[in-house]
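Visitor: Would you mind keeping the following structure in view while I ask a few things?
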Amino acid sequence: MDGDVLVTIENDVDLVRARAEARAVAERLGFSRMDGTLIATAVSELGRNIVVHVGAGEIVVRPAREDDRCGVIVIARDSGPGIRDVDAALRDGYATGNGLGLGLPGARRIMDEFEIESGNGSGTTIKAAKWRIRDELERLRERR
Amino acid sequence: MAIPILKQGPWLIASIQSALSDSEILELRDDLADMVGRRRARGIVLDVAGIDVIDSFVARSLRTIAMTTRLRGAETVIVGIQPEVAVAMVQFQLDLEPLHTALDLEEGLEVLKSRVTNGARADGR
């Protein structure tokens, strides 16, 4: 019914759009306003990472519907030089741009899943997901 | 889209009504630093009720605004942080230290009044 939403990230204005799209997908999947804000905050950090370090990339917001849960999967991709030290990038206070080094560790803390694929000159892909458990009642209602 | 900055007595009031891009928030920082001097303001209330997220960049920018304007002689109070934005900031482990915050515009003005008039300033102005 609803599929991926792709936002091309080239500047800071695109980040505003990416946040709004992520929030809209979360809302359609029944996430609370609170969770929508958490997801939008993570999207903002992932998008800014692209703008600041690479200059261009894309963010895909993918709705996931499973029987007992649904989720928002955020995929941030760029074809830049990659993150030299992934473990360090996930540590608080490791800053390479003009940031405080809180972006990626913060985003990881607010999402349920978070993985970084980077290196070998093939760019960086960060995949993060937030899940919501669907209870019996919700599933029953849907079957009717 | 520039954020309007209103003057009320010795205070400046800037109210962010919608989601902001990074460059808009930097523009606001520069406008406030400039206005503090031109309008001889002693304090600023920055209402962020319309802001959609406070991520690490926005948090840093708000701190920069407060520190920049303090160097120009004015205190800043941030008001209007929405409940869900506050929760996200806590989970993110972002804080706004050493910023002053208050619930809304009215409270923000009260904070400014007590800080600026009760000897929070060392120069006795």
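Visitor: Summing -39500 (n - 2.57) over the DSSP H runs of n ≥ 4 in chain A and dividing by its residue number, what mean residue ellipticity at 222 nm do you reach, to the nearest 500 deg cm²/dmol? Show your work: numbers first, answer last.
Guide: Details: 5 runs with 58 residues, N = 144.
Estimated from H runs of four or more residues: -12500 deg cm²/dmol.
Visitor: Can you give the Rg/Rh ratio of chain B, where Rg is from the C-alpha atoms and Rh is the Kirkwood radius?
Guide: Rg/Rh: 0.94.
Visitor: Given the options B:LEU46, B:THR69, B:VAL85, identify the residue whose Cα lies farthest towards the positive end of the charge dipole of chain B (+1 on Cβ of Lys, Arg; -1 on Cβ of Asp, Glu).
Guide: Of the options given, the answer is B:THR69.
Visitor: Taking every pair of alpha-carbon atoms in the stretch A:5-143, what share in percent sits in each 10 Å bin, from 0 to the bin with the longest distance?
Guide: Distribution as computed: 13, 43, 30, 11, 3, 0 percent.
Visitor: Right, here's the next one. For B:ALA88, what is the net charge nearby, where nearby means another residue's Cβ is under 10 Å from its Cβ and Lys, Arg count +1, Asp, Glu -1? Walk me through the intermediate numbers first.
Guide: Numbers: positive: none; negative: A:ASP35, B:ASP55, B:GLU84.
Charge balance in the 10 Å sphere: -3.
Visitor: Give the aspartates and glutamates whose C-alpha is closer than 15 Å to that of A:LYS127, dropping any in the same chain fewer than 8 places away, or say none.
Guide: A:ASP4, A:GLU45, A:GLU58, A:ASP78, A:ASP112, A:GLU113, A:GLU115, A:GLU117
Visitor: Count the net charge of all other residues whose Cβ sits under 14 Å from the Cβ of A:PHE114, scoring Lys and Arg as +1 and Asp and Glu as -1.
Guide: In short, -1.
Visitor: Under a Cβ-only charge scheme (Lys and Arg +1, Asp and Glu -1), can you give me the dipole magnitude of chain B about the Cα centre, in debye to the nearest 20? List each step's numbers first, then the result.
Guide: Details: 14 positive and 18 negative charges, 174 e Å.
Approximately 840 debye in magnitude.
Visitor: Another question, then. Give, to the nearest whole percent, the P(r) tail of the stretch A:1-70 beyond 17 angstrom, counting all Cα pairs.
Guide: Of all Cα-Cα pairs in the stretch A:1-70, 40 percent lie more than 17 Å apart.
Visitor: Please compute, for peptide A:39-50, the average count of beta-carbon atoms on other protein chains lying within 10 Å of each residue's beta-carbon.
Guide: Rounded to a whole number, the mean comes out at 4.
Visitor: How would you rank B:84-97, A:32-45, highest first, on the average number of other Cβ atoms within 10 Å across their residues?
Guide: Top of the packing list down: A:32-45, B:84-97.
Visitor: Taking the Cα centre of the protein assembly as shown as origin and charging only Cβ (+1 Lys, Arg; -1 Asp, Glu), how large is the dipole, in debye to the nearest 20?
Guide: Details: 36 positive and 43 negative charges, 160 e Å.
The calculated dipole for the protein assembly as shown is roughly 760 debye.
Visitor: Could you work out the mean count of beta carbons from other protein chains within 10 Å of each residue's beta carbon in B:15-22?
Guide: Shielding by partners across B:15-22 averages 3.
Visitor: To continue, here is another question. When you look at the Cβ of every residue in A:29-36, what mean number of other chain Cβ atoms sits within 10 Å?
Guide: Shielding by partners across A:29-36 averages 2.
Visitor: Same structure again: For the stretch A:5-143, build the charge dipole from Cβ charges (+1 Lys, Arg; -1 Asp, Glu) around the Cα centre, then report which of A:ILE59, A:LEU137, A:GLY123 sits farthest towards its positive end.
Guide: A:LEU137
Visitor: Here is a follow-up. Among the DSSP beta bridges whose two residues both lie in the stretch B:5-116, what percent are antiparallel, rounded to the nearest 5?
Guide: Expressed as a percentage, antiparallel bridges in the stretch B:5-116 total about 25.
Visitor: For the stretch A:1-121, build the charge dipole from Cβ charges (+1 Lys, Arg; -1 Asp, Glu) around the Cα centre, then report which of A:VAL5, A:ALA40, A:VAL25 sits farthest towards its positive end.
Guide: Towards the positive end, the residue furthest out is A:ALA40.
Visitor: Stokes-Einstein at 25 °C, 0.890 mPa s, Kirkwood radius from Cα pairs: D for the protein assembly as shown in µm² s⁻¹?
Guide: Details: Rh = 19.8 Å.
Rounded, D is 124 µm²/s.
Visitor: Can you tell me the dipole magnitude for the stretch A:5-143 around its Cα centre, using point charges on the Cβ only (Lys, Arg +1; Asp, Glu -1), in Debye to the nearest 20?
Guide: 300 debye
A short reminder: the numbers here are calculations on the coordinates, not readings from a lab. Keep in mind the model is a prediction, meaning the values are calculated, not measured. Neighbour counts run over all protein chains shown; Cβ positions are idealised from the backbone, glycine included.
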